[in-house]
Amino acid sequence: MKILVTGASGQFGRRAAERLLEILEPGELVLVSRRPESLADFARRGVEVRAGDFDQPHSLDSAFAGIDRLLLISTDSVGAKRRRQHGNAIAALKRTGVGHVVYTSFIGASVDNPAISASEHGATEALLRATGIPCTFLRDSQYSEAIAQFVAPDALLTGRWMTATGEGQIGLVSREDCVACAVAVLTGSGHENKVYNLTGPELLSYRQCAQLTAEYGGGPVEYIPCSEEQKYAFFDALGVPRKIEGDGPIAGPIPWPSEEMVSFERALREGYFAVLSDDVKTLIGRPPISLRQIFEQYSATIQAAVAAQSAAR
Ligand SMILES: NC(=O)c1ccc[n+]([C@@H]2O[C@H](COP(=O)([O-])OP(=O)(O)OC[C@H]3O[C@@H](n4cnc5c(N)ncnc54)[C@H](OP(=O)(O)O)[C@@H]3O)[C@@H](O)[C@H]2O)c1
(Lines give C-alpha, C1' and ligand atoms only; values in the text may rest on other atoms or scores of the structure.)
Protein backbone atom coordinates (compact mmCIF):
# COMPACT_ATOMS: atom_id res chain seq x y z
CA MET A 1 0.00 0.00 0.00
CA LYS A 2 1.40 3.42 -1.02
CA ILE A 3 -0.13 6.50 0.62
CA LEU A 4 0.66 9.98 -0.68
CA VAL A 5 0.22 13.39 0.97
CA THR A 6 0.16 16.50 -1.26
CA GLY A 7 1.26 19.87 0.10
CA ALA A 8 3.31 17.98 2.64
CA SER A 9 5.41 20.91 3.80
CA GLY A 10 2.40 22.86 5.13
CA GLN A 11 1.23 22.68 8.73
CA PHE A 12 -1.47 20.09 8.00
CA GLY A 13 0.65 18.04 5.60
CA ARG A 14 3.67 17.83 7.87
CA ARG A 15 1.61 16.73 10.89
CA ALA A 16 -0.22 14.18 8.74
CA ALA A 17 3.11 12.80 7.55
CA GLU A 18 4.43 12.55 11.11
CA ARG A 19 1.32 10.72 12.32
CA LEU A 20 1.23 8.41 9.29
CA LEU A 21 4.79 7.38 10.06
CA GLU A 22 3.61 6.18 13.49
CA ILE A 23 1.52 3.59 11.60
CA LEU A 24 3.20 2.99 8.22
CA GLU A 25 6.64 1.82 7.18
CA PRO A 26 8.62 4.72 5.62
CA GLY A 27 8.54 2.91 2.27
CA GLU A 28 4.73 3.05 2.26
CA LEU A 29 4.62 6.87 2.45
CA VAL A 30 5.17 9.35 -0.40
CA LEU A 31 5.27 13.10 0.23
CA VAL A 32 4.72 15.70 -2.48
CA SER A 33 5.55 19.39 -2.20
CA ARG A 34 6.49 22.38 -4.32
CA ARG A 35 9.57 22.47 -2.12
CA PRO A 36 10.78 18.88 -1.67
CA GLU A 37 14.00 20.16 -0.09
CA SER A 38 11.93 21.33 2.90
CA LEU A 39 11.10 17.66 3.59
CA ALA A 40 14.72 16.46 3.80
CA ASP A 41 14.13 15.27 7.37
CA PHE A 42 11.50 12.81 6.09
CA ALA A 43 13.72 11.72 3.18
CA ARG A 44 16.45 10.87 5.70
CA ARG A 45 13.96 8.58 7.46
CA GLY A 46 13.38 6.64 4.21
CA VAL A 47 10.26 8.40 2.95
CA GLU A 48 10.06 9.08 -0.79
CA VAL A 49 9.76 12.82 -1.41
CA ARG A 50 8.59 14.00 -4.82
CA ALA A 51 8.26 17.43 -6.43
CA GLY A 52 4.73 18.43 -7.38
CA ASP A 53 3.03 21.77 -7.97
CA PHE A 54 -0.66 22.17 -8.86
CA ASP A 55 0.37 25.20 -10.96
CA GLN A 56 2.64 22.93 -13.04
CA PRO A 57 0.33 20.16 -14.38
CA HIS A 58 3.24 18.34 -16.06
CA SER A 59 4.86 17.87 -12.62
CA LEU A 60 1.88 15.89 -11.31
CA ASP A 61 2.02 12.73 -13.45
CA SER A 62 5.32 11.62 -11.97
CA ALA A 63 4.31 12.99 -8.54
CA PHE A 64 1.11 10.88 -8.36
CA ALA A 65 2.34 7.71 -10.14
CA GLY A 66 1.78 4.31 -8.47
CA ILE A 67 -0.34 5.53 -5.53
CA ASP A 68 -3.16 3.65 -3.80
CA ARG A 69 -4.50 6.37 -1.49
CA LEU A 70 -3.87 10.10 -1.67
CA LEU A 71 -4.53 12.95 0.76
CA LEU A 72 -5.35 15.99 -1.38
CA ILE A 73 -4.68 19.04 0.76
CA SER A 74 -6.47 22.13 -0.54
CA THR A 75 -4.15 24.98 -1.49
CA ASP A 76 -4.03 28.28 0.38
CA SER A 77 -5.00 30.36 -2.68
CA VAL A 78 -8.37 31.99 -3.30
CA GLY A 79 -10.61 32.35 -6.34
CA ALA A 80 -9.83 31.40 -9.92
CA LYS A 81 -6.25 30.46 -9.06
CA ARG A 82 -7.33 27.88 -6.50
CA ARG A 83 -10.03 26.48 -8.80
CA ARG A 84 -7.40 26.04 -11.52
CA GLN A 85 -4.91 24.45 -9.11
CA HIS A 86 -7.47 21.94 -7.82
CA GLY A 87 -8.64 21.25 -11.39
CA ASN A 88 -5.06 20.48 -12.44
CA ALA A 89 -4.60 18.13 -9.48
CA ILE A 90 -7.86 16.29 -10.19
CA ALA A 91 -7.04 15.88 -13.89
CA ALA A 92 -3.72 14.31 -12.87
CA LEU A 93 -5.47 11.99 -10.37
CA LYS A 94 -7.56 10.66 -13.26
CA ARG A 95 -4.56 10.22 -15.56
CA THR A 96 -2.49 8.41 -12.97
CA GLY A 97 -5.24 6.08 -11.69
CA VAL A 98 -4.99 6.85 -7.97
CA GLY A 99 -7.23 4.39 -6.10
CA HIS A 100 -8.83 6.54 -3.36
CA VAL A 101 -8.70 10.30 -2.72
CA VAL A 102 -9.19 11.92 0.68
CA TYR A 103 -9.83 15.65 0.33
CA THR A 104 -9.54 18.38 3.00
CA SER A 105 -12.76 20.27 2.32
CA PHE A 106 -14.59 22.83 4.47
CA ILE A 107 -17.71 22.74 6.62
CA GLY A 108 -20.81 23.66 4.62
CA ALA A 109 -18.97 23.11 1.32
CA SER A 110 -21.41 23.85 -1.50
CA VAL A 111 -21.38 25.96 -4.63
CA ASP A 112 -24.39 27.74 -3.07
CA ASN A 113 -22.51 28.77 0.09
CA PRO A 114 -22.03 32.58 0.09
CA ALA A 115 -18.50 32.17 1.51
CA ILE A 116 -16.13 32.18 -1.46
CA SER A 117 -13.84 29.55 0.08
CA ALA A 118 -16.72 27.19 0.97
CA SER A 119 -18.17 27.50 -2.54
CA GLU A 120 -14.73 26.69 -4.01
CA HIS A 121 -14.57 23.58 -1.84
CA GLY A 122 -18.06 22.65 -3.08
CA ALA A 123 -16.85 23.01 -6.68
CA THR A 124 -13.78 20.87 -5.96
CA GLU A 125 -15.93 18.16 -4.36
CA ALA A 126 -18.15 18.15 -7.49
CA LEU A 127 -15.09 17.78 -9.74
CA LEU A 128 -13.80 14.91 -7.63
CA ARG A 129 -17.20 13.14 -7.65
CA ALA A 130 -17.32 13.42 -11.42
CA THR A 131 -14.04 11.51 -11.77
CA GLY A 132 -15.65 8.31 -10.43
CA ILE A 133 -12.57 7.76 -8.22
CA PRO A 134 -13.63 6.64 -4.70
CA CYS A 135 -13.39 9.78 -2.56
CA THR A 136 -13.74 10.81 1.07
CA PHE A 137 -14.54 14.43 1.85
CA LEU A 138 -13.32 15.68 5.22
CA ARG A 139 -15.23 18.91 5.79
CA ASP A 140 -13.03 20.61 8.39
CA SER A 141 -14.70 23.39 10.34
CA GLN A 142 -12.70 26.54 11.06
CA TYR A 143 -9.54 25.68 12.98
CA SER A 144 -9.56 26.72 16.64
CA GLU A 145 -5.76 27.10 16.42
CA ALA A 146 -6.36 29.98 13.98
CA ILE A 147 -8.51 31.70 16.61
CA ALA A 148 -5.88 31.15 19.31
CA GLN A 149 -2.86 32.10 17.20
CA PHE A 150 -4.17 35.05 15.18
CA VAL A 151 -7.62 36.33 16.15
CA ALA A 152 -7.30 36.21 19.95
CA PRO A 153 -3.94 38.06 20.20
CA ASP A 154 -5.27 40.85 17.98
CA ALA A 155 -8.50 41.11 20.00
CA LEU A 156 -6.54 41.25 23.26
CA LEU A 157 -4.19 43.90 21.93
CA THR A 158 -6.94 46.18 20.59
CA GLY A 159 -9.55 45.24 23.19
CA ARG A 160 -12.05 44.82 20.32
CA TRP A 161 -13.54 41.99 18.26
CA MET A 162 -15.48 43.59 15.42
CA THR A 163 -17.39 41.20 13.20
CA ALA A 164 -20.30 40.93 10.79
CA THR A 165 -21.09 37.40 12.00
CA GLY A 166 -23.93 38.53 14.29
CA GLU A 167 -25.03 35.66 16.52
CA GLY A 168 -24.25 32.99 13.91
CA GLN A 169 -22.44 29.92 15.23
CA ILE A 170 -19.67 27.57 14.10
CA GLY A 171 -18.26 24.34 15.54
CA LEU A 172 -14.58 25.32 15.68
CA VAL A 173 -12.36 22.24 15.43
CA SER A 174 -8.72 21.60 16.25
CA ARG A 175 -6.45 21.15 13.20
CA GLU A 176 -4.77 18.36 15.14
CA ASP A 177 -8.09 16.47 15.34
CA CYS A 178 -8.60 16.97 11.59
CA VAL A 179 -5.13 15.55 10.94
CA ALA A 180 -5.95 12.54 13.15
CA CYS A 181 -9.19 11.99 11.20
CA ALA A 182 -7.35 12.17 7.86
CA VAL A 183 -4.85 9.57 9.10
CA ALA A 184 -7.68 7.32 10.34
CA VAL A 185 -9.38 7.44 6.94
CA LEU A 186 -6.15 6.95 4.97
CA THR A 187 -5.12 3.91 7.01
CA GLY A 188 -8.60 2.48 7.71
CA SER A 189 -11.28 0.86 5.59
CA GLY A 190 -14.85 1.51 4.54
CA HIS A 191 -14.50 5.28 4.07
CA GLU A 192 -14.96 5.40 0.30
CA ASN A 193 -17.60 7.86 -0.94
CA LYS A 194 -18.33 9.22 2.54
CA VAL A 195 -18.57 12.81 3.75
CA TYR A 196 -17.41 13.57 7.30
CA ASN A 197 -18.20 16.85 9.04
CA LEU A 198 -15.24 17.51 11.32
CA THR A 199 -16.38 19.82 14.10
CA GLY A 200 -15.48 20.55 17.68
CA PRO A 201 -17.72 19.62 20.63
CA GLU A 202 -19.94 22.73 20.57
CA LEU A 203 -21.33 25.48 18.38
CA LEU A 204 -20.01 28.92 19.37
CA SER A 205 -20.76 32.43 18.16
CA TYR A 206 -17.88 34.87 17.80
CA ARG A 207 -19.47 36.74 20.73
CA GLN A 208 -18.83 33.62 22.84
CA CYS A 209 -15.31 33.31 21.36
CA ALA A 210 -14.62 36.92 22.36
CA GLN A 211 -15.78 36.15 25.92
CA LEU A 212 -13.49 33.11 26.07
CA THR A 213 -10.61 35.18 24.66
CA ALA A 214 -11.03 37.71 27.45
CA GLU A 215 -11.33 34.96 30.06
CA TYR A 216 -8.20 33.09 28.96
CA GLY A 217 -6.20 36.10 27.75
CA GLY A 218 -6.66 38.06 30.95
CA GLY A 219 -7.80 41.29 29.29
CA PRO A 220 -11.03 42.95 28.21
CA VAL A 221 -12.36 42.19 24.72
CA GLU A 222 -15.39 44.17 23.59
CA TYR A 223 -17.58 42.35 21.08
CA ILE A 224 -18.63 44.83 18.38
CA PRO A 225 -21.27 43.60 15.90
CA CYS A 226 -20.98 45.44 12.59
CA SER A 227 -22.43 45.43 9.08
CA GLU A 228 -20.65 43.95 6.06
CA GLU A 229 -20.00 47.50 4.76
CA GLN A 230 -18.37 48.45 8.07
CA LYS A 231 -16.19 45.35 7.85
CA TYR A 232 -15.20 46.21 4.28
CA ALA A 233 -14.34 49.75 5.45
CA PHE A 234 -12.19 48.27 8.24
CA PHE A 235 -10.21 46.20 5.71
CA ASP A 236 -10.07 49.15 3.25
CA ALA A 237 -8.38 51.23 5.96
CA LEU A 238 -5.75 48.50 6.38
CA GLY A 239 -5.06 48.53 2.63
CA VAL A 240 -6.55 45.09 1.97
CA PRO A 241 -7.85 44.80 -1.63
CA ARG A 242 -11.53 43.87 -1.95
CA LYS A 243 -11.02 41.53 -4.90
CA ILE A 244 -8.10 39.60 -6.31
CA GLU A 245 -6.61 40.97 -9.49
CA GLY A 246 -5.61 38.04 -11.68
CA ASP A 247 -3.43 35.47 -9.96
CA GLY A 248 -2.04 37.67 -7.20
CA PRO A 249 0.09 37.75 -5.12
CA ILE A 250 -2.23 39.78 -2.93
CA ALA A 251 -0.70 43.09 -1.99
CA GLY A 252 -1.30 44.24 1.56
CA PRO A 253 -1.02 43.05 5.14
CA ILE A 254 -3.36 40.04 4.85
CA PRO A 255 -2.95 37.30 2.22
CA TRP A 256 -6.67 37.26 1.28
CA PRO A 257 -8.94 39.82 -0.39
CA SER A 258 -11.56 41.32 1.91
CA GLU A 259 -14.44 39.83 -0.13
CA GLU A 260 -13.17 36.38 0.92
CA MET A 261 -13.23 37.32 4.62
CA VAL A 262 -16.49 39.31 4.54
CA SER A 263 -18.27 36.57 2.58
CA PHE A 264 -17.05 34.09 5.24
CA GLU A 265 -18.59 36.27 7.96
CA ARG A 266 -21.86 36.51 6.02
CA ALA A 267 -22.05 32.71 5.67
CA LEU A 268 -21.35 32.29 9.38
CA ARG A 269 -24.05 34.87 10.27
CA GLU A 270 -26.57 33.18 7.99
CA GLY A 271 -26.00 29.73 9.54
CA TYR A 272 -24.13 27.98 6.71
CA PHE A 273 -21.41 26.80 9.12
CA ALA A 274 -23.70 25.88 12.04
CA VAL A 275 -22.98 22.17 11.74
CA LEU A 276 -22.28 19.97 14.75
CA SER A 277 -21.35 16.34 14.27
CA ASP A 278 -19.97 13.26 16.06
CA ASP A 279 -17.75 12.37 13.12
CA VAL A 280 -14.46 13.22 14.88
CA LYS A 281 -15.30 10.81 17.71
CA THR A 282 -16.47 8.17 15.25
CA LEU A 283 -13.18 8.36 13.34
CA ILE A 284 -10.64 8.69 16.16
CA GLY A 285 -12.47 7.18 19.14
CA ARG A 286 -12.32 10.17 21.47
CA PRO A 287 -14.24 13.45 21.75
CA PRO A 288 -12.89 16.44 19.82
CA ILE A 289 -10.67 19.04 21.51
CA SER A 290 -12.58 22.15 22.65
CA LEU A 291 -11.69 25.81 22.14
CA ARG A 292 -11.09 26.07 25.90
CA GLN A 293 -8.48 23.28 25.65
CA ILE A 294 -6.82 25.04 22.71
CA PHE A 295 -6.71 28.32 24.65
CA GLU A 296 -5.05 26.48 27.55
CA GLN A 297 -2.56 24.84 25.20
CA TYR A 298 -1.76 28.12 23.43
CA SER A 299 -1.80 30.49 26.42
CA ALA A 300 1.97 31.17 26.22
CA THR A 301 1.75 31.62 22.44
CA ILE A 302 -1.15 34.08 22.83
CA GLN A 303 0.73 36.15 25.42
CA ALA A 304 3.89 36.13 23.28
CA ALA A 305 1.93 37.23 20.19
CA VAL A 306 0.27 40.08 22.13
CA ALA A 307 3.68 41.20 23.43
CA ALA A 308 5.29 41.02 19.97
CA GLN A 309 2.44 42.97 18.32
CA SER A 310 2.50 45.52 21.10
CA ALA A 311 6.28 46.02 20.71
CA ALA A 312 5.91 46.40 16.93
CA ARG A 313 3.41 49.30 17.28
N1 LIG B 1 -10.41 24.82 8.16
C2 LIG B 1 -9.71 25.92 8.36
O3 LIG B 1 -9.97 26.76 9.25
C4 LIG B 1 -8.52 26.18 7.52
C5 LIG B 1 -7.63 27.15 7.95
C6 LIG B 1 -6.49 27.33 7.19
C7 LIG B 1 -6.31 26.60 6.04
N8 LIG B 1 -7.21 25.69 5.64
C9 LIG B 1 -7.01 24.88 4.41
O10 LIG B 1 -6.22 23.77 4.77
C11 LIG B 1 -5.02 23.75 3.96
C12 LIG B 1 -3.87 23.28 4.80
O13 LIG B 1 -3.75 24.16 5.90
P14 LIG B 1 -2.33 24.51 6.50
O15 LIG B 1 -2.59 25.13 7.82
O16 LIG B 1 -1.44 23.32 6.42
O17 LIG B 1 -1.84 25.60 5.46
P18 LIG B 1 -0.34 26.10 5.19
O19 LIG B 1 0.60 25.67 6.25
O20 LIG B 1 -0.45 27.55 4.86
O21 LIG B 1 0.06 25.33 3.88
C22 LIG B 1 -0.39 25.73 2.61
C23 LIG B 1 -0.64 24.48 1.82
O24 LIG B 1 -0.99 24.78 0.46
C25 LIG B 1 -0.17 23.95 -0.38
N26 LIG B 1 -0.02 24.61 -1.69
C27 LIG B 1 0.05 25.94 -1.93
N28 LIG B 1 0.23 26.14 -3.25
C29 LIG B 1 0.28 24.92 -3.84
C30 LIG B 1 0.47 24.48 -5.17
N31 LIG B 1 0.64 25.36 -6.19
N32 LIG B 1 0.48 23.16 -5.43
C33 LIG B 1 0.32 22.25 -4.42
N34 LIG B 1 0.12 22.61 -3.12
C35 LIG B 1 0.12 23.94 -2.84
C36 LIG B 1 1.14 23.86 0.37
O37 LIG B 1 1.94 22.82 -0.13
P38 LIG B 1 3.56 22.88 -0.32
O39 LIG B 1 4.03 24.20 0.23
O40 LIG B 1 4.13 21.72 0.44
O41 LIG B 1 3.78 22.73 -1.80
C42 LIG B 1 0.60 23.60 1.78
O43 LIG B 1 0.14 22.28 1.95
C44 LIG B 1 -4.85 25.19 3.46
O45 LIG B 1 -4.11 25.22 2.27
C46 LIG B 1 -6.30 25.63 3.32
O47 LIG B 1 -6.84 25.21 2.07
C48 LIG B 1 -8.30 25.45 6.38
Original post:
With Gly7, Gly46 as the choices, which residue is closer than 17 Å to Thr75 by Cβ and either at pLDDT 95 or above or not aliphatic (A, V, I, L, M) (or both)?
Top reply: Gly7
**OP:** Kindly establish whether Ala51 is within 10 Å of the ligand (Cβ to nearest atom), in contact with a helix residue (DSSP H, G or I) (Cβ under 7 Å, 6 or more places away or on another chain) and in contact (Cβ under 8 Å) with a residue 60 or more places away in the chain.
**Re:** no
Subject >> Scan of the stretch 40-69 for residues that are part of a loop (DSSP other than H, G, I, E, B) and out of contact with any Gly (no Cβ under 7 Å at 6 or more places or on another chain), ordered by number >> reply: Arg45, Val47, Gly52, Asp53, Phe54, Asp55, Gln56, Pro57, Ala65, Gly66, Ile67
Original post:
When residues of the stretch 149-163 are filtered for being more than 15 Å from the chain's Cα centre (by Cα) and either without any contact (Cβ under 8 Å) to a residue 60 or more places away in the chain or in a helix (DSSP H, G or I) (or both), how many remain?
Top reply: 8
**OP:** Please identify the pairs in which a residue from the stretch 89-111 that is over 13 Å from Thr124 (Cβ atoms) and in contact (Cβ under 8 Å) with a residue 12 or more places away in the chain has its Cβ atom under 7 Å from the Cβ atom of a residue that is within 11 Å of the ligand (Cβ to nearest atom) and of a type in the set (Lys, Arg), counting only partners at least 6 apart or on another chain.
**Re:** Ile107/Arg139
**OP:** Starting from the stretch 13-24, take each residue that is surrounded by fewer than 18 Cβ atoms within 10 Å (Cβ to Cβ) and list its partners that are polar (S, T, N, Q), counting only C-beta distances under 7 angstrom and pairs at least six apart or across chains.
**Re:** Ile23/Thr187
Original post:
Of these, Ala65, Ala80, which one is aliphatic (A, V, I, L, M), more than 9 Å from the ligand (Cβ to nearest atom), out of contact with any helix residue (DSSP H, G or I) (no Cβ under 9 Å at 6 or more places or on another chain) and over 23 Å from Ala146 (Cβ atoms)?
Top reply: Ala80
**OP:** Could you name every one of the helices (runs of 4 or more DSSP H) located completely within the stretch 272-313 that has at least 2 residues being among the small types (Gly, Ala, Ser) and assigned by TED's automatic domain parsing to the domain that holds Glu215?
**Re:** 299-312
Subject >> Checking Ser144 against (1) crowded, with 21+ Cβ neighbours inside 10 Å; (2) modelled with pLDDT under 95, the condition it does not meet >> reply: (2)
Subject >> Filter pass, Leu238 being exposed (fewer than 14 other Cβ atoms within 10 Å of the Cβ), touching a helix residue (DSSP H, G or I) at 6+ places or on another chain (Cβ under 9 Å) and aliphatic (A, V, I, L, M) >> reply: yes
**OP:** For Val173, indicate whether it is touching a helix residue (DSSP H, G or I) at 6+ places or on another chain (Cβ under 8 Å) and within 18 Å of Gly10 (Cβ to Cβ).
**Re:** yes
Original post:
Are there any pairs, at least 6 apart or on different chains, whose C-beta atoms fall under 8 Å, with the first in the stretch 273-292 and touching a residue at least 40 places away in the same chain (Cβ under 8 Å) and the second outside any loop (DSSP other than H, G, I, E, B) and surrounded by fewer than 17 Cβ atoms within 10 Å (Cβ to Cβ), and if so, which?
Top reply: Pro287/Lys281; Pro288/Lys281
Original post:
Out of Val195, Val179, which single residue is surrounded by 20 or more Cβ atoms within 10 Å (Cβ to Cβ), in contact (Cβ under 8 Å) with a residue 40 or more places away in the chain and of a type in the set (A, V, I, L, M)?
Top reply: Val179
**OP:** Taking the residues in the stretch 126-148 that are within 21 Å of Ala180 (Cα to Cα) and part of a helix (DSSP H, G or I) as candidates, determine which candidate is nearest to the ligand (Cβ to nearest atom).
**Re:** Ala146
Original post:
If you go through the stretch 249-264 one residue at a time, do you hit one that is more than 22 Å from Ala118 (Cβ to Cβ) and out of contact with any Gly (no Cβ under 9 Å at 6 or more places or on another chain)?
Top reply: yes
Original post:
What is the number of the single condition among (1) farther than 25 Å from Glu192 by Cβ; (2) away from the ligand (no atom under 13 Å from the Cβ); (3) not charged (D, E, K, R) that Ser38 does not meet?
Top reply: (2)
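The values are calculated or read from the model by the stated rules, or taken from the named source; none is laboratory data. Since we're looking at a predicted model, the values are computed, not measured. Here Cβ is always computed from backbone atoms with ideal geometry, including for glycine, and neighbour counts include all displayed protein chains.
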